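Colleague: This structure is in structure tokens; I'll ask about it shortly.
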Amino acid sequence: MDISNHPVEKQASFSYSSETLQQIADDVLILARKGGADACDMNVSEGSGQNVTVRQGEVETIEYTRDKGLSVTVHIGHKRGNASSSDFSPQAIRDTVSAALSIARYTADDIYAGLADQDLLATSFPDLDLYHPWELPVEEAIELARQCEAVALATDKRITNSEGASVSAGTSQFIYANSLGFCAGYPLSRHSISCAVIAGEQSNMQRDYWYSVARAAGDLEAIAEIGKKAGMRSLARLGAKKIATCEVPVLFESTVASSLIGYFVQAISGGSLYRKSSFLLDSIGKQIFPATLQISELPHLPRGLASCAFDDEGVATRALVVENGIVRGYFLGSYTARKLGMHSTGNAGGNHNLIVENDAPLSFDALLKKMNKGLLVTELLGHGVNLVTGDYSQGAAGFWVENGEISHPVEEITIAGNLKDMLSGIIALGSDTIVRGSRQCGSLLIERMTIAGH
């Protein structure tokens, strides 16, 4: 079945019209004002989805989800209260606003609390092409999952078992509004296909997987490719060995390289900075990455998995950059910005489409040649990162590389270093970017790390 020829652009069946959600927003703001709130903001949303999982050709699970939610935050002076509900009836809305007002009256003053600055609120709303509902009957979803798993199982006779293949389709819509006159929202879609299989050889068993995620079903990887990659990756891990403790270059495959960028984002985000729980305090204007590296935040990327015209507070999103390895801005919402004596950067709720680039990205094979001898990491295990000190220690699996070529799979090792040294020690970036979330990054080659083996 060819996804690209499947009907994907028909209207999803939302339970509420956007006009109804806007009316709920208006009602909340009026009730809050009448109840004594000096300011109020709220979010109302609904979503629905379908997920089908097939294992060994048989249907294992069929899940349908349909949810909705209302969140209300009120401010009385410098006091703040929040309440939420999944009931949109008039009485439930009144009760939710009343609960938020009651909570606010009993909380301590916080001079940093409040709505976003009005002059930072979004006033233009570009069409970011984020809504592509997938009209997918459950029978066809089951068939797609079966085809994906079948391809993986047929890769090699050593593929002996399966954890299943899943096909998921989902849509949602929301409205955010506040008492400064801001009211906006839009519908979204998100779909995915995944497959995980197990390869076996004598007593050796190895598992791996592959998946694809996109706003539009037509942008997903082909079913056959997802299944084949899941099978090939599992096979490649057979015969994994331990290695001796050493210090060598480490190549983070693109599937895990974005995690390093994620730690960087956490370290320069407002919460970590004002609490002084970051290894990158006072880093604006400082060289953190090599001068060849650029990181752009592109919130208005069409069909982007983290695209938006405004953040969770209605603040207009705008581009932020790491320019020539130098940090040019933090990731801040209104509260954390005030704590730091700065202004919101439109990042309440997180970052938006971070794109990691340099002037001369290398192919994956070229990265192996450049590394010559070292470790290729394809999986990270556990949580061993201290954002206060930057100390990094994680279980890992992957492949040993000799003379620029993969020699054999490796398991039961730990890789260690310090994030500040690792980020500054990036000596090459791959062109093999895989788009799966809010951070887009090819494979990253780190000059040197400690590998703890046997």
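Colleague: Exactly one condition in (1) open to solvent by 40 Å² or more (accessible area, probe 1.4 Å); (2) more than 28 Å from Ile226 (Cα to Cα); (3) touching a Gly at 6+ places or on another chain (Cβ under 9 Å); (4) not in a strand (DSSP E or B) is not met by Glu447; state its number.
Modeller: Going through (1) open to solvent by 40 Å² or more (accessible area, probe 1.4 Å); (2) more than 28 Å from Ile226 (Cα to Cα); (3) touching a Gly at 6+ places or on another chain (Cβ under 9 Å); (4) not in a strand (DSSP E or B) one by one, Glu447 breaks only (4).
Colleague: Can you name the number of the only condition in (1) within 27 Å of Ser277 (Cβ to Cβ); (2) open to solvent by 40 Å² or more (accessible area, probe 1.4 Å) that Leu419 fails?
Modeller: (2)
Colleague: I'm trying to understand the selection: among the residues of the stretch 101-138, which are open to solvent by less than 60 Å² (accessible area, probe 1.4 Å) and of a type in the set (Val, Ile, Thr)?
Modeller: Thr107, Val138
Colleague: Also, I was wondering about something else. Scan the stretch 56-73 and give yes if some residue there is over 30 Å from Arg215 (Cβ atoms), of a type in the set (Asp, Glu), assigned to a strand (DSSP E or B) and open to solvent by 40 Å² or more (accessible area, probe 1.4 Å), otherwise no. Please lay out each step first, then the result.
Modeller: Restricting attention to the stretch 56-73, the residues satisfying the condition of being over 30 Å from Arg215 (Cβ atoms) are 56, 58.
Remaining after also requiring of a type in the set (Asp, Glu): 58.
Checking the rest, the ones that are also assigned to a strand (DSSP E or B) come to 58.
Right, trim to open to solvent by 40 Å² or more (accessible area, probe 1.4 Å) and you get 58.
Checked the stretch 56-73: at least one residue is over 30 Å from Arg215 (Cβ atoms), of a type in the set (Asp, Glu), assigned to a strand (DSSP E or B) and open to solvent by 40 Å² or more (accessible area, probe 1.4 Å).
Colleague: A further question on this structure: Looking at the stretch 317-341, which of its residues are open to solvent by 20 Å² or more (accessible area, probe 1.4 Å) and assigned to a helix (DSSP H, G or I)?
Modeller: Tyr335, Thr336, Arg338, Lys339
Colleague: Tell me, yes or no, whether the stretch 33-45 has at least one residue that is closer than 28 Å to Leu340 by Cα and in a loop (DSSP other than H, G, I, E, B). Walk me through how you get there before you give the answer.
Modeller: Applying the first criterion (closer than 28 Å to Leu340 by Cα) to the stretch 33-45 yields 37-43.
Next cut, in a loop (DSSP other than H, G, I, E, B) only: 37-38.
Yes, the conditions are met somewhere in the stretch 33-45.
Colleague: Looking only at the stretch 342-352, count how many residues are out of contact with any Lys or Arg (no Cβ under 8 Å at 6 or more places or on another chain) and either in a strand (DSSP E or B) or within 16 Å of Gln440 (Cα to Cα) (or both).
Modeller: Pass one, the stretch 342-352, residues out of contact with any Lys or Arg (no Cβ under 8 Å at 6 or more places or on another chain): 342-344, 347-350, 352.
In the following step, the residues that additionally are either in a strand (DSSP E or B) or within 16 Å of Gln440 (Cα to Cα) (or both) were identified as 350, 352.
Qualifying residue count, the stretch 342-352: 2.
Colleague: Taking interchain pairs and intrachain pairs at least six residues apart, which have beta carbon atoms under 7 angstrom, with the first residue in the stretch 156-174 and among the basic types (Lys, Arg) and the second at pLDDT 95 or above and assigned to a strand (DSSP E or B)?
Modeller: Within 7 Å, the pairs are Arg158/Ala199.
Colleague: Give the residue that is nearest to Ser48 (Cα to Cα), with candidates limited to residues of the stretch 143-155 that are surrounded by fewer than 23 Cβ atoms within 10 Å (Cβ to Cβ) and in contact with a Ser or Thr (Cβ under 9 Å, 6 or more places away or on another chain).
Modeller: So, considering only residues that are surrounded by fewer than 23 Cβ atoms within 10 Å (Cβ to Cβ) and in contact with a Ser or Thr (Cβ under 9 Å, 6 or more places away or on another chain), the one nearest to Ser48 (Cα to Cα) is Leu153.
The values are calculated or read from the model by the stated rules, or taken from the named source; none is laboratory data. Remember, it's a predicted structure, so these values are computed and weren't measured experimentally. Note that we place each Cβ from the backbone using ideal geometry, even for glycine, and neighbour counts take in every protein chain shown. Only protein heavy atoms, including side chains, enter the accessible area calculation; ligands, DNA and RNA are left aside. Shrake-Rupley method; radii C 1.70, N 1.55, O 1.52, S 1.80 Å.
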